[in-house]
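To start, the structure under review is shown below, and the notes come after it.
Derivation of every value follows stated rules applied to the coordinates shown; laboratory data play no part. These figures come from a predicted structure and were not determined experimentally. Positions of Cβ are generated from backbone atoms using ideal geometry, with glycine treated the same way; all protein chains shown enter the neighbour counts.
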Amino acid sequence: KAGVTQTPRYLIKTRGQQVTLSCSPISGHRSVSWYQQTPGQGLQFLFEYFSETQRNKGNFPGRFSGRQFSNSRSEMNVSTLELGDSALYLCASSIGSQGAYEQYFGPGTRLTVT
Amino acid sequence: LAKTTQPISMDSYEGQEVNITCSHNNIATNDYITWYQQFPSQGPRFIIQGYKTKVTNEVASLFIPADRKSSTLSLPRVSLSDTAVYYCLVAANQAGTALIFGKGTTLSVSS
């Protein structure tokens, strides 16, 4: 079956702009989680959506937001971009909520903020 | 959430067995131990998960002692393609639990 897909794969934005990233989970998966990965901080949890509801949230400012649609596809939005937001953004899907089930990760979106 | 400690890096040669140990002294009763593998510019990939004793699948084994305060991921006969970062996670196997990835162990396999 098709894996987790993320679009776009690469993105270059200017400081102050906003960006929306998209994630399509594996068919049948209801949970989508988002992570930010940087060389300095490693993999950090942003938030998890399950059946269109935010189930869990990491320690990120309110500029980072997300949502999940009825077909389980998810979007992540970052407003007022800062240079420090440059990172690989990964989404992962699972059949159930992330604490209980294997996570399947997408290839990520490489965001560069200039 | 139980904090995990694992070596920052390890080196090995092709064909050798590699054992990566993870410490999780304050693991809770309902916590499971999960290992993920990550190659550069890719998302992590699930390797194995266990609760106690030994778990084996087609790519690795996971050894968990009775006190569950540590665990060891064993990779038999590694190849160059096993060069990656390996993460040990401890989390309750229940809905609403966030996965916390540490720094992981960078395994370098040489010929």
Within the protein assembly as shown: Cβ-based charge dipole about Cα centre, in debye rounded to nearest 20 (Lys, Arg +1; Asp, Glu -1): 460 debye
Per-residue mean of C-beta atoms belonging to partner chains within 10 Å, peptide A:42-49: 4
Average beta-carbon neighbours from other chains, 10 Å sphere, peptide A:104-113: 2
Candidates A:Gly28, A:Gly99, A:Gly42: whichever shows maximal mean-square fluctuation once chain A is modelled as a Gaussian network with Cα springs under 10 Å: A:Gly99
Rg [Å, one decimal], Dmax [Å, integer] - chain A, C-alpha atoms: 13.1, 39
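Could you size up the charge dipole of chain B around its Cα centre, putting +1 on the beta carbon of Lys and Arg and -1 on that of Asp and Glu, and report it in debye to the nearest 20? Working shown, then result.
Details: 8 positive and 7 negative charges, 66 e Å.
For chain B, the charge dipole is close to 320 debye.
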Alpha-carbon Rg/Rh ratio, for the protein assembly as shown, with Rh computed the Kirkwood way: 0.98
Dipole-positive endmost among B:Ser71, B:Asn57, B:Ala98 within the stretch B:51-109 (Cβ charges, Cα centre): B:Ser71
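What does the charge add up to near B:Glu14, with Lys and Arg as +1, Asp and Glu as -1, over the other residues with Cβ less than 14 Å from its Cβ?
Details: positive: B:Arg77; negative: B:Asp11, B:Glu17, B:Asp82.
With Lys, Arg at +1 and Asp, Glu at -1, the net is -2.
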Charge dipole (chain A, unit charges on Cβ, about Cα centre) - positive-most of A:Ala92, A:Thr20, A:Gly106: A:Thr20
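Explain nothing, just the number: dipole magnitude of chain A about its Cα centre with +1 on each Lys and Arg Cβ and -1 on each Asp and Glu Cβ, in debye rounded to the nearest 20.
Details: 11 positive and 6 negative charges, 32 e Å.
Its charge dipole is roughly 160 debye.
Around A:Ile95, with a cut-off of 10 angstrom between Cβ atoms, what is the net charge of the other residues, counting Lys and Arg +1 and Asp and Glu -1? Write down the numbers at each step before the final one.
Working: positive: A:Arg30; negative: A:Glu102.
Its environment carries a net charge of 0.
Once you sort the root eigenvalues of the Cα gyration tensor of chain B as a ≥ b ≥ c, which label holds: rounded (a/c under 1.5), prolate (a/b larger than b/c) or oblate (the other case)? Could you put the intermediate results ahead of the total?
On the way: a/c = 1.93, a/b = 1.55, b/c = 1.24.
Here chain B falls in the prolate category.
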Packing-based ranking, highest mean first, of A:48-56, B:5-13 given that Cβ atoms within 10 Å are counted: A:48-56, B:5-13
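At a Förster radius of 25 Å, what calculated FRET efficiency corresponds to the Cβ-Cβ distance of A:Thr80 and A:Tyr10, to the nearest 0.05? Present the calculation step by step, with values, prior to reporting the outcome.
Details: r = 21 Å, r/R0 = 0.84.
Once the sixth-power term is evaluated, E becomes 0.75.
Rounded, prolate or oblate: which fits the stretch B:1-50 when a ≥ b ≥ c are the square roots of the eigenvalues of the alpha-carbon gyration tensor, with rounded for a/c under 1.5 and prolate only if a/b beats b/c?
Numbers: a/c = 2.06, a/b = 1.54, b/c = 1.34.
Judged from the Cα gyration tensor, the stretch B:1-50 comes out prolate (a/c at least 1.5, a/b above b/c).
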